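The next block holds one structure in the form of structure tokens; read it before the comments.
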Amino acid sequence: MFRTFIAAAVAGIASFAPIAADAQQRTLTVYSSLDEDQAKALIKGFEAKHPQVKVNAILGSTAPIIARVIAEAAAPQADIIMGNAVSALMAADARGLLLAYKPAQYDKVSPVMRDGRAEPVWLGIDAWASSICFNTVEAAKKNIPAPKSWADLANPVYKGHITMPSPLSSGTALLAVNGWLTIFGEKGGWDFMDKLHENVSKYGHSGSAPCRQAAAGETIIGISYATPGVKAINEGAPIQIILPSEGLGWEIEAAAIVKGAKNLADAKLMADWISSREAAEISAKYLPISAYDDIQVLPKNYPADEKAKLLKMDFAKLAASREAVMAEWQKRYGTKVPPKS
Amino acid sequence: MSGATVAAGPTRVPFISGRGTRILLPLLLVAVLSAAAILPIAALLVRAFLDRDGRFVGLANFVRYATEPGLAVAAWNSLTLSALATLLTIGLAYPFAYAITRTRMPGRGMFRLIALLPLLAPSLLPAFGLVYLFGNQGWLRGWLMGESLYGPVGIVLASVFYAFPHAVLILSAGLAAGDQRIYEAARALRAGPWRRFVTVTLPSSRYALISAASIVYVLVFTDFGIPSVVGGSTNVLATDIYKLVIGRFDFEMGAVVGVLLLAPAVAAYLVDWLARRSQRAMISGRSVPIAPERMPGRDLALFGFCLLVAAAVIGIIGMAVYGSLVRFWPYNLNLGLHNYARLLEDDDEFRAIGNSLALAAGTAALGTLLAMLSGWIVARRIGPAALVQGLQGLAMVPVAVPGLVLGLGYVFFFNDPANPLHALQGTLAILVLCTVAHFYTVPHLMAVGELLRLDREIDMAAQALRAGPASAGRRIFLPVLAPTLVDIAGYFFVNAMTTVSALIFLFTAQTRVAAIAVINLVEGSRIGQAAAFATLIMALSIGAALIQISLRAAILRAQRWRRREG
């Protein structure tokens, strides 16, 4: 261990100099917003298949990673984005920063996980859906019933006990908002959010934070997605993951090659690997929805019926209305401070 | 004050006598600062005047931003909460700095270290500490009298905690030096202790007080981390920039907010300029170092006060460290080292610590050199007035720029293939440069403050001794400035250990630092391990601070001339 540390310090100092291209080994720079363990497992699988390629992975949250790709447009540093929300990838695509490529196994991937365009830019890796993290211990203390549906959250009994991310800074929040607009319709959706707003104690920036706050007892209900809830349960938090009865807004995490990639050939190899069944089997250990429909694995403590509850969503329409939804949200809830808990 | 006699007249600095050097040196510093801070920041902020395709649109983005709902509320919150936090911070930091520099109460060195703790801890620790103490499950939530932590209360509490060490550093640097002869004169005139404080101490620390207040105000005004963790739904301008740039990828509107956030820094610069114009050297060649007298009543009262402040600082950080030792806060409070054990299984985390140490060492070395040089040029007005004033202005910019703006600006600037420095992209060197730029303002002000107090007779002594550049540096300036050098290096080092916001856009797989690893752990819901890693970073920083303090003490001990003989 100590030796690793010394080696690391030496490597740290050595890296003051620009890294010279290694003649023996090829390198591939991957940006990823997947779950850290999932990203590392996928990379390990790739390196086992292609030992001549060394993957340099930069892991970060969805939006900062895309902001970085946009900022680096003059001389792209990333070769491939291995996992980011499709809606965020589309923001990069709209700026012409992504390269169309049809990975080797593209046609075997379940249709919903494909880009669908004649020249596909992204390939689905997994999908995540909005859900509720509910702290049973704090709820029992305050005698608060578990919600069963989204509509329940408008009940004044939850006043001050709900946190959610702001759709202005979190893709997870946009999932939920798009879900509500799909379930309740345009007018009904905003009416619901007006009532929900009366109960929300805090709009944050991170999609996983509401679940962490529920796990720490700082809130009773966190509108988030399942993975951070599952992790909290595995750590011992009194969390129940509730998938509301009306259905769940959801989104795909996908891979896309960066236009101008310095290691294009290897980026394509990576895209091919991601399209393989083997890679999908790795991803399925972390999220139940993977690129192959017939892989049925349920991660430990993951709610079983997530897949069944996914809403039928019109992604093209939602992408087109993204700015308008954000503006409307800011107008309604960005200006006034919600009531204190 | 004898310093006044030499304040007028041309500056004569021993080894910068040639006209050429007197222009070249400040020019060089302006160029370095421009490349490291100003041009990258401008590369982002210029977008405030462009549309997405890079066409000039004048003030259209500002108009668009002005019509955003909620702006007035956010601006008002930013202005008032920053003012409140500044008042509280200075109110606590001034007596604290006074106590550790001007009294003979016991434990002054210890208290100095404790005051620096907030600087040594990654911001995650105080955030956890405050939540564990005052959040909905907090042990002391009753102290908030029914108010929620999440909102203005949390923002002000956390801001005071965060800004306190900066204020103590600037104020104690200002209070540490003085001329004992003035106090003796005051006493001969039968001025009582209170009167001596009001008529001598307070006016002579005025510059430090103004600097500290403006730095604290700007720091709080531009900080994004605090309102995003404990701000609840209280909007401030600094979070707007995150929503615009990161949430909506709207770099143009984000740049508008970035420009607006510069406003308090411009004000601070003007205030500083006015204050510095009236500042005269406090220590002349004939000065006698301050020898605090023993005043049991005052010393006891201040000791009690420092004890309370120290308890608050240690309480907040200690609570977070406690959180790293329990199994799962707040539902399983069994103590153990399992979070640390799980952390140490991962080689990547070790590499991150090695990178952090290399980054911190590089930042300390480069930053100290540059800050001393620019501080010296400003304090001694070397070169044309416009150039000197310009340098001072440039040095004030970084403190007002959120890390997000600096980091993205770095990408825009250095990642441009046309930039001759493009090769730096992806190296640890670019992280060093960025971190030096990010934390430049406070060390620069520390250097200016220290050099303003040493009057030019010391320069003249060097000249009279016909000391060449090398020997004047080694035999006169280095010894006199050694304690300040150590303090500045320490400041850069510990900040580099904990900084995140700018680096998330610049790190690579090879240069990922520990503070970024902590953020990854939080995002992966490994809260206990994140707290454990943050605690490890703090332990390393405390180690560095202890080295810094003992080095400083050793220097002062070795330099007998600082004490009054006989």
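Below, the figures for the structure above:
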{"item": "Extension gain, B:Trp76 back to B:Val288 (0.36 nm per residue minus Cα-Cα distance, nm)", "result": "71.6 nm"}
{"item": "Sequence-distant lysines (8 or more away, or on other chains) whose Cα lies within less than 16 Å of A:Lys268", "result": "A:Lys49, A:Lys54, A:Lys102, A:Lys259"}
{"item": "Per-residue Cβ neighbour rank within 10 angstrom, fewest leading, B:Cys306, A:Cys133", "result": "B:Cys306, A:Cys133"}
{"item": "Along chain B, longest interval not containing exposed GluC sites (Glu not before Pro), exposed being DSSP loop plus at most 13 other Cβ atoms within 10 Å", "result": "B:1-344"}
{"item": "Dimensions (Å) - segment B:265-408, Cα atoms, principal axes, largest first", "result": "63, 52, 29"}
{"item": "Dmax and Rg, reported as Rg then Dmax, of chain A (C-alpha, Å)", "result": "21.1, 66"}
{"item": "Efficiency of FRET from Cβ geometry, B:Met295 and B:Ala558, R₀ 25 Å, rounded to 0.05", "result": "0.30"}
{"item": "Additional length obtainable on full extension of the chain from A:Ala140 to A:Leu298, 0.36 nm per residue less Cα span", "result": "54.0 nm"}
{"item": "Inter-label distance for A:Asp37 and B:Arg474, nm, one decimal - labels placed 7 Å from Cα along Cα-to-Cβ", "result": "5.9"}
{"item": "Karplus-derived 3J(HN,Hα), 6.51/-1.76/1.60, for each residue of segment B:46-61, Hz, glycine and proline x", "result": "4, 5, 4, 10, 10, 8, 4, 8, x, 8, 5, 10, x, 9, 4, 5"}
{"item": "Diffusion constant of the protein assembly as shown at 37 °C, which comes from Stokes-Einstein with the Kirkwood Cα-pair radius and 0.692 mPa s, µm²/s", "result": "113"}
{"item": "Which listed pairs, of A:Lys231/B:Lys243; A:Lys159/A:Lys202; A:Lys148/A:Lys312; A:Lys108/A:Lys231; A:Lys285/A:Lys309, have C-alpha distances above 22 Å, in listed order", "result": "A:Lys231/B:Lys243; A:Lys108/A:Lys231"}
{"item": "For segment B:78-147, alpha-carbon Rg over 2.2 N^0.38 Å", "result": "1.38"}
{"item": "Cα-projected label distance for B:Arg187 with A:Asp194, points at 7 Å along beta-carbon direction, nm", "result": "7.5"}
{"item": "Rh (Kirkwood; distinct C-alpha pairs) - chain B, Å", "result": "24.8"}
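We did not get these values from a lab; they are worked out from the coordinates using the rules stated. Since this is a predicted model, take the numbers as computed values, not measurements. FYI the Cβ positions are ideal-geometry reconstructions off the backbone, even for glycines, and counts take in every protein chain you see.
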